[in-house]
Amino acid sequence: MPSMLVTGGAGFIGANFVHHVLAHTDSSITVLDKLTYAASREALEGLPEGRVRLVVGDVADPEVVDPLVAAADAVVHFAAESHNDNSLRDPSPFIRTNLVGTFTLLEAVRKHDVRYHHVSTDEVYGDLALDDPERFTEATPYNPSSPYSASKAGSDHLVRAWVRSFGVRATLSNCSNNYGPWQHIEKFIPRQITNVLDGTRPKLYGSGENVRDWIHADDHSSAVLAILERGRPGETYLVGADGEQDNATVLRLILELMGQPADAFDHVTDRAGHDLRYAIDSAKLRRELGWTPARGDFREGLAETIDWYREHEAWWRPHKDATEARYAEAGQ
Ligand code: NAD
Ligand code: TDX
């Protein structure tokens, strides 16, 4: 895969993927990223010169996208508006980036016959009951809850239509909740870590019984690369590391690892339409491509992530007040 176009490569998971590809392949990478509030140029610093370049632009702009796709051997599409709470406040950028952006890329890969991988989320399946013995599989019907997950679901449908109608060489992956370095502090785990570092009490939505299936971003990257290199065209692969935990348990673990009392947090207004439980069955990915997660120890990964945020205060500090002000408006 000599030349890759990675959209959203200055975001949390996209940047992790860029590092992973440079370390494990001989590919060169062009990152296409609009550098929204969620991006960090810093996450791309110190990479081997000559193997990666950043183009600042919008995936929904065909004039930007077309020549970059024409010059690539493969496109990996991470760019998205990614935060559910933001989609409840203002869905419009989610529609433009997640739907029109994916459409724009699909038209370009169709025109230039370029291999395409689409990065999506388990949220397209809606949620499971807490006591449901089932987990999501590639056969689970779509049932998204929020404007974010509906926009991702729509983008997945566009990809499948372009595969079937136009023969586009595409694969899809739907991954569970990621954590690790460079995640924006609006998200659950880094929000609570930085609250503790800030001397503020962490904020748990509703009862905290909602379950998420956590995976380290390094493992998501290795899965996407395996699918890009060896996945069957037209196929979807679910990515997960058997990391189900309820939010209250995750928060108590953060508090323990940071030397705080177990009850040093506030219950705040629940998220509208809050999905109860996500759980991924990644048997297909493991069986067909031999993928296994390498960072499955959640406690260890969380401790490392806490250390990383402690050491990178200069990166997150400028965004903390504005992020918390947005939450305060919603009583969260
Ligand atoms: P993020 O919000 O941290 O980063 C998104 C990146 O996309 C940013 O760098 C941003 O500048 C860029 N971007 C946004 N709009 C753009 C546009 N119009 N044109 C070009 N670039 C644009 O997101 P993330 O958490 O790294 O998620 C990356 C992808 O993985 C998304 O597609 C998301 O749906 C998917 N995903 C995320 C998770 C998770 O837990 N975070 C889980 C499963 C799937
Ligand atoms: O302050 C908080 N308190 C809280 O209890 C925040 C920010 C969140 N939560 C809860 C809501 C969720 O149940 O924690 C859980 C995780 O919340 P988020 O980090 O916002 O993630 P989630 O909504 O589950 O979506 C994430 O995983 C799937 C990513 O943001 C998506 O991009 C991905 O598709």
When you check TYR327 against the structure, is it among the hydroxyl-bearing types (Ser, Thr, Tyr), assigned to a helix (DSSP H, G or I) and away from ligand 1 (no atom under 16 Å from the Cβ), yes or no? yes
Members of region 191-212 found to be touching a helix residue (DSSP H, G or I) at 6+ places or on another chain (Cβ under 6 Å) and near ligand 2 (Cβ under 10 Å from one of its atoms), listed by number: GLN192, PRO202, LEU204, GLY208, ASN210
Given the criteria crowded, with 20+ Cβ neighbours inside 10 Å and over 29 Å from ALA248 (Cβ atoms), does TRP182 qualify? no
From ASP66, ASP73, ASP127, ASP61, which residue is farther than 30 Å from PHE188 by Cα, open to solvent by 10 Å² or more (accessible area, probe 1.4 Å) and out of contact with any helix residue (DSSP H, G or I) (no Cβ under 9 Å at 6 or more places or on another chain)? ASP73
Out of contact with any helix residue (DSSP H, G or I) (no Cβ under 9 Å at 6 or more places or on another chain) and either modelled with pLDDT under 95 or more than 16 Å from ligand 2 (Cβ to nearest atom) (or both), is that true of GLY46? yes
Restricting to region 98-116, give me the number of residues that are more than 30 Å from VAL268 (Cα to Cα) and within 16 Å of ligand 2 (Cβ to nearest atom). 3
All but one of (1) hydrophobic (A, V, I, L, M, F, W, C); (2) surrounded by 21 or more Cβ atoms within 10 Å (Cβ to Cβ); (3) farther than 19 Å from GLU300 by Cα hold for LEU276, so report the exception by its number. (2)
Across region 195-249, what is the total count of residues that are part of a helix (DSSP H, G or I) and either aliphatic (A, V, I, L, M) or open to solvent by 20 Å² or more (accessible area, probe 1.4 Å) (or both)? 16
Restricting to region 137-176, give me the number of residues that are within 12 Å of ligand 2 (Cβ to nearest atom) and either part of a strand (DSSP E or B) or open to solvent by 50 Å² or more (accessible area, probe 1.4 Å) (or both). 4
So, in region 250-281, how many residues would count as being within 16 Å of ligand 1 (Cβ to nearest atom), among the aliphatic types (A, V, I, L, M) and part of a loop (DSSP other than H, G, I, E, B)? 1
Region 232-259 residues that are closer than 29 Å to PRO141 by Cα, paired with ones that are among the hydroxyl-bearing types (Ser, Thr, Tyr) and surrounded by fewer than 17 Cβ atoms within 10 Å (Cβ to Cβ) (beta carbon under 8 Å, 6 or more apart): LEU238/THR137; ASN247/TYR205; ALA248/SER207
Which residues, counting only those in region 185-194, are assigned to a loop (DSSP other than H, G, I, E, B) and either of a type outside the set (Val, Ile, Thr) or open to solvent by 10 Å² or more (accessible area, probe 1.4 Å) (or both)? GLU186, LYS187
Residues being part of a loop (DSSP other than H, G, I, E, B) and open to solvent by less than 40 Å² (accessible area, probe 1.4 Å): count how many of those fall in region 282-308. 3
Could you please tell me which pairs satisfy a Cβ distance under 7 Å, a separation of 6+ or placement on different chains, a first residue in region 31-46 that is over 22 Å from LEU105 (Cα atoms), and a second residue that is open to solvent by 50 Å² or more (accessible area, probe 1.4 Å) and assigned to a loop (DSSP other than H, G, I, E, B)? SER40/TRP182; ALA43/TRP182
Checking LEU225 against (1) within 16 Å of ligand 1 (Cβ to nearest atom); (2) in contact with a Lys or Arg (Cβ under 8 Å, 6 or more places away or on another chain), which test does it fail? (2)
Being acidic (Asp, Glu) and within 15 Å of ligand 1 (Cβ to nearest atom) is true for just one of ASP127, ASP113. Which residue is that? ASP127
Could you tell me whether ASP26 is open to solvent by 20 Å² or more (accessible area, probe 1.4 Å), charged (D, E, K, R) and touching a residue at least 40 places away in the same chain (Cβ under 8 Å)? no
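The values are calculated or read from the model by the stated rules, or taken from the named source; none is laboratory data. This is a predicted model, so every value here is computed, not measured. Cβ: placed from backbone, ideal geometry, glycine included. Neighbour counts: every protein chain shown. Surface areas here come from the heavy atoms of the whole protein model, side chains and all, with no ligands, DNA or RNA. Shrake-Rupley method; radii C 1.70, N 1.55, O 1.52, S 1.80 Å.
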